[in-house]
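Below is one structure; the comments refer to it alone.
The values are calculated or read from the model by the stated rules, or taken from the named source; none is laboratory data. For clarity, every value in this text was computed on a predicted model and none was experimentally measured. When we count neighbours, we look across all protein chains shown, and the Cβ atoms used for this are built from the backbone with ideal geometry, even at glycine. Note: accessible area is taken over every heavy atom of the protein model, side chains too, but ligands, DNA and RNA are not part of it. Shrake-Rupley method; radii C 1.70, N 1.55, O 1.52, S 1.80 Å.
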Amino acid sequence: RAVQMADLTVDVAVVGGGPAGYVMAALLGRSEHSVALVDPKPEGAWPNNYGSWREEWEALAASLQMPELLDCVSTNWAVTDCFFGGSFDTPDDERLRLDRAYLKVDRLRLKALLREKHAATGVQLLEGYAPAAAIAPNLFDGGLVHDASGSTLTVKASGGGGGG
C-alpha cells in the first residue's frame with residue numbers, strides 16, 4: 001500500500017514503477033539503506049507482456065537470489081517459433097523454429113512478488129511521479145536538487161491508483 005505524501009528522508013529513491021524499478025527497490029531493500037519507490041500507478045498492472053529465454057530467466061533468478069521468480073511464469077514453450085512473414089516477400093506462414101525454450105512472465109504475479117519483497121524489507125511505496133527535467137548532464141531543474149548535503153527529489157502525487 002502506498003504511503004501518504006509528506007517530507008520523507010530516505011537513502012535511496014527509485015523513480016519508476018515498472019519491472020526494473022520494482023526489482024531495483026527490492027534489491028536495495030536487502031541492504032541497510034532506507035528505500036522509497038516512486039510509482040505513479042502502484043495498483044495498476046504493467047501494460048506490456050514480458051518474455052524471456054528460459055535459461056536466462058533461470059540465471060536471473062539465481063543471480064538475484066530470488067528463486068520465486070520461477071513461479072512468475074504463465075506459459076512455457078519448449079521450442080520457439082519465429083514468424084517473419086509478410087515482409088521482404090517472405091510468405092506469411094514461413095517460420096524459423098529455434099530449439100530453445102521461451103517463457104511468458106506473469107506480470108501480475110511478478111509485481112505481487114516484488115511488492116511482498118518490498119513489504120518484508122521496509123521499502124516505502126510512494127504513489128506519485130518526479131517532475132524533474134534534465135537541463136544538462138547531471139543538472140536538473142528544481143524538481144531534483146543536488147548539493148553538498150545530498151539530493152532532494154520533489155515527488156508529486158499522481159492520484160492515479162487504477163486497478164488492473
Hits in segment 34-63 (condition: assigned to a loop (DSSP other than H, G, I, E, B), in contact (Cβ under 8 Å) with a residue 24 or more places away in the chain and open to solvent by 50 Å² or more (accessible area, probe 1.4 Å)): Pro40, Lys41, Glu43, Asn48, Asn49
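Could you tell me whether Ala6 is loosely packed, with under 14 Cβ neighbours inside 10 Å and either at pLDDT 95 or above or under 13 Å from the mean Cα position of the chain (by Cα) (or both)?
So Ala6 does not fit the description; no.
How many residues does segment 9-32 contain that are open to solvent by 90 Å² or more (accessible area, probe 1.4 Å) and either modelled with pLDDT under 90 or closer than 29 Å to Arg100 by Cα (or both)?
The first filter runs over segment 9-32 and keeps only residues open to solvent by 90 Å² or more (accessible area, probe 1.4 Å), leaving 9, 11, 24, 30, 32.
With either modelled with pLDDT under 90 or closer than 29 Å to Arg100 by Cα (or both) added as a condition, the list becomes 9, 11, 24, 32.
Count: 4.
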As an exercise: evaluate Asn76 against (1) surrounded by fewer than 13 Cβ atoms within 10 Å (Cβ to Cβ); (2) modelled with pLDDT of 95 or more; (3) within 30 Å of Ala130 (Cα to Cα); (4) in contact with a strand residue (DSSP E or B) (Cβ under 7 Å, 6 or more places away or on another chain) and give the number of the one condition it does not meet. (3)
Which listed residue, of Asp89, Asp71, Asp99, Asp39, is over 13 Å from the mean Cα position of the chain (by Cα), modelled with pLDDT under 95 and not aliphatic (A, V, I, L, M): Asp89
